Amino acid sequence: MKEIIDVRVKVRRTAFDKTKTDLLGVGLFSGVKRLDKLNKELNAKLDGAIERVIRLGDFKGAEGTNAIVYGNAKTGAERVLLVGLGEKKKATLDTVRKAAANAAKKAVAIKAKSVSLAIHKAFEGRFDLGAMGRAMAEGTYFGGYCYDEYVTESEDSRLGRMRVEIIDAEAAKAKKLNDGAARGAIIGAAQSYARTLANRPANVINPPKLAAVARKLARGSKRLSCTVFDKKQLAAKGMGGVLAVGSGSQSEPRFIVLNYSPQSKAAKSKPKVGLVGKAITFDSGGISIKPAENMDQMKLDKSGGIAVLGTMKAVEQLGLGLNVMGIIPSAENMPSGTSYRPGDIITTYSGKTVEVLNTDAEGRMILCDGLAYAVKQKCDVIIDVATLTGACLVALGRYMAGLMGNDDKLVKQLQKAAEDSGEKVWPMPSGDEYAKEMKSKIADLRNIGSNKWGGACTAAAFLRQFVGEAKWAHLDIAGMDIFQKATEFTAEGSSGFGVRLLTSYLANLAEK
Ligand code: BES
Ligand code: MN
Ligand code: ZN
């Protein structure tokens with residue numbers, strides 16, 4: 001097994017024409033009549049090659065496109081990559097992030113070992129330089145990522161490491177870029193860590209293995225501690241939901257807790273945040289088995305839990321001044337003679353009983369124990385993340401996660417974090433009408449709605465009943481990680497969705 005491409009991002013104070021590099025990435029907006037300062041200078045050194053590419057119509061500056069112009073003796077770069085930024089007036093910080101991702105993806109494809117990025121120059125001071133440094137660093141990790149650890153055939157030819165520098169000739173600007181890029185590199189690396197874990201199939205990662213990964217993460221850190229409940233402890237605690245879902249598999253379920261305690265005393269006045277992530281290492285549906293088509297993708301049903309793991313890694317490395325608890329219930333949902341069945345009534349950790357009508361609605365069965373645990377641990381704010389429903393995919397497609405909650409302020413804070421991180425969310429309801437559908441005649445709750453409509457909302461309404469008085473939000477990320485195809489900005493497979501979003505939320509909260 002080989003390592004995933006080792007990406008490192010730094011900021012360097014240097015002039016673009018003095019930089020020896022395999023690839024110099026610069027940004028260009030679509031439909032602009034005159035080149036910005038950097039591109040104008042670059043164009044002159046390249047004897048008008050940039051203008052030529054544009055005039056010939058080979059490159060129009062559309063978002064997600066790029067073109068290579070080869071360097072000459074007057075430039076330090078072997079190649080100059082023109083990266084499309086789309087319409088100037090529509091540009092946001094995510095435009096910067098995506099441009100860096102597009103450049104990094106291209107760099108990996110052509111095996112450029114050293115990359116210099118000056119994409120921020122095209123924005124001519126429109127956004128804060130720190131924020132642009134962060135966006136470029138995050139984008140570089142995102143676009144440079146490729147999951148190929150089990151591909152043995154191209155082992156010799158594939159790029160082992162890529163060194164990326166964000167460059168600016170002015171010391172003050174380089175410093176500001178660096179403040180953001182240092183944070184962006186931590187967040188980007190944490191997201192890549194999450195993607196690799198999520199992409200690993202179910203024969204490689206099962207609940208005990210996932211617990212070992214979490215333990216390893218905590219081992220290297222003073223501020224992070226890890227506790228894992230095995231099957232016996234789950235039974236002793238009465239975590240009936242996790243036990244029921246895990247009962248059909250040879251791999252036992254685990255309940256993973258990562259606790260982060262910050263150095264700063266100021267954290268005492270801040271809310272304690274619990275992040276609860278669904279980690280079903282494989283979802284066959286259980287006795288209510290899924291159809292064969294695309295079932296392989298259900299190895300990604302652990303993505304929510306892994307987003308929590310990646311976020312905890314970022315929180316620790318950023319040293320955020322906030323108490324954060326990562327709670328990851330994990331099980332494999334399999335059909336067998338020991339599986340839980342439709343009709344079973346399960347007593348969950350909260351004491352509430354649930355009538356199981358479909359064993360494929362297993363995410364909520366493990367999350368309800370996770371949520372109840374967060375309540376018991378006195379978390380003031382609880383956010384759960386889960387590839388919970390196909391219905392959410394139907395409702396929102398693959399571009400944004402469903403966001404439900406019981407507190408307007410928390411929902412707004414997550415919307416702001418979505419803007420900061422480029423990981424989009426869309427508000428959806430989960431109130432009383434939906435909760436009513438989840439009532440059972442023979443138990444407190446049933447695990448599916450009474451009809452097929454609004455499945456993302458009824459699932460959230462189920463979860464809502466386990467959070468007590470806490471402020472709660474729910475992210476349904478079913479469309480974000482499963483069935484992900486390659487785009488102009490990144491490789492196929494897990495996108496690590498949630499790491500940037502949650503880390504942004506927590507960083508904003510810590511700063512306030
Ligand atoms: N993990 C799935 C949800 C899912 C489906 C995610 C497709 C991504 C793509 C979840 O456990 C599930 O099976 N949900 C059921 C719920 C139903 C039985 C109420 C679903 O969405 O069909
Ligand atoms: Mn399922
Ligand atoms: Zn599932």
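Counting protein heavy atoms only, the range 6-171 has 51 percent of its accessible area on carbon and sulfur, 1.4 angstrom probe. Helical runs assigned H by DSSP (4 residues or longer) give the chain a calculated mean residue ellipticity at 222 nm of -11500 deg cm²/dmol, each run adding -39500 (n - 2.57) before division by the residue total.
With contacts taken as Cα pairs under 8 Å and at least 6 residues apart, the chain reaches a relative contact order of 15 percent. Against the chain, whose longest principal axis is taken from its Cα atoms, helix 303-318 shows a tilt of about 60°.
Taking a straight Cα-Cα cut-off under 14 Å and skipping sequence neighbours fewer than 8 places away in the same chain, the aspartates and glutamates within cross-link reach of residue 216 are 316. Between the helical axis of 455-464 and the longest alpha-carbon principal axis of the chain there is an angle of about 70 degrees.
Computed over protein heavy atoms with a 1.4 angstrom probe, the accessible surface ordering of 13, 446, 364, largest first, is 13, 446, 364. Expressed as a fraction of 2.2 N^0.38 Å, the value expected for a compact globular protein of N residues, the C-alpha radius of gyration of the range 99-174 is 1.26. In this structure, the amide hydrogen of residue 424, modeled 1.01 Å from its nitrogen in the peptide plane, lies closer than 5 angstrom to those of 401, counting only residues at least 5 positions away or on a different chain. Quick one: check the C-alpha center-to-center distance for the range 483-503 versus the range 156-196, whole angstrom. Using only Cα atoms, the two centres lie 17 Å from each other. When Rg and the Kirkwood radius Rh are both evaluated on Cα atoms of the range 6-171, their ratio Rg/Rh stands at 0.96. Looking at the range 144-250, the chymotrypsin sites (Phe, Trp or Tyr not before Pro) that sit in a DSSP loop and have at most 16 other Cβ atoms within 10 Å of their own Cβ are 150. Angle of helix 129-144 to the longest C-alpha principal axis of the chain, folded into 0 to 90 degrees and rounded to 10: 70°.
Rolling a 1.4 Å probe across all protein chains gives residue 437 an accessible area of roughly 40 Å².
Most simply put, the chain has about 35% antiparallel DSSP beta bridges, counting only bridges with both residues inside it.
Across the protein chains, with a 1.4 Å probe defining accessible surface, the residues 273, 108 rank 108, 273 from largest area downward.
When the residues 416, 290 are ordered by accessible surface, computed with a 1.4 Å probe over the protein chains alone, the sequence from largest down reads 416, 290.
Each Cα pair under 8 Å and six or more residues apart adds its sequence gap; the mean of these over the residue count of the range 366-512 is a relative contact order of 37 percent. When the Cα convex hull of the range 217-315 is projected onto planes of every orientation, the mean area is 8.3 nm².
Each principal axis of the Cα cloud of the range 16-59 was taken in turn, and the coordinate range along them, longest first, works out to 29, 18, 17 Å. With the whole protein complex present, residue 421 retains an accessible surface near 0 Å², based on a 1.4 Å probe.
In terms of distances greater than 32 angstrom between alpha carbons, the cross-link table entries 18/111; 302/352; 313/439; 111/512; 232/512; 409/485 yield 313/439; 111/512; 232/512; 409/485. When nucleic acids and ligands are ignored and a 1.4 Å probe is applied, residue 204 ends up with an accessible area of around 40 Å². For residue 231, which aspartates and glutamates qualify as cross-link partners when the Cα separation must be under 20 Å and same-chain residues fewer than eight apart are set aside? Straight-distance partners of residue 231: 252, 283, 332, 344, 362, 369. In the context of the full set of protein chains, residues of the range 189-344 present 38 Å² of accessible surface per residue (probe radius 1.4 Å, heavy atoms only). For the range 199-351, the share of accessible area belonging to carbon and sulfur comes to 49 percent (1.4 Å probe, ligands and nucleic acids excluded). Looking at the P(r) of the chain, how many percent of alpha-carbon pairs lie beyond 42 Å? Percentage above 42 Å: 21. May I ask for the distance between the Cα centers of the range 447-464 and the range 393-425, given as a whole number of Å? Result: 18 Å between the Cα centres.
The values are calculated or read from the model by the stated rules, or taken from the named source; none is laboratory data. Predicted model only: the values in this text are computed from it and were never measured. Neighbour counts run over all protein chains shown; Cβ positions are idealised from the backbone, glycine included. Protein only, heavy atoms only, side chains kept; ligands, DNA and RNA dropped before computing areas. Shrake-Rupley method; radii C 1.70, N 1.55, O 1.52, S 1.80 Å.
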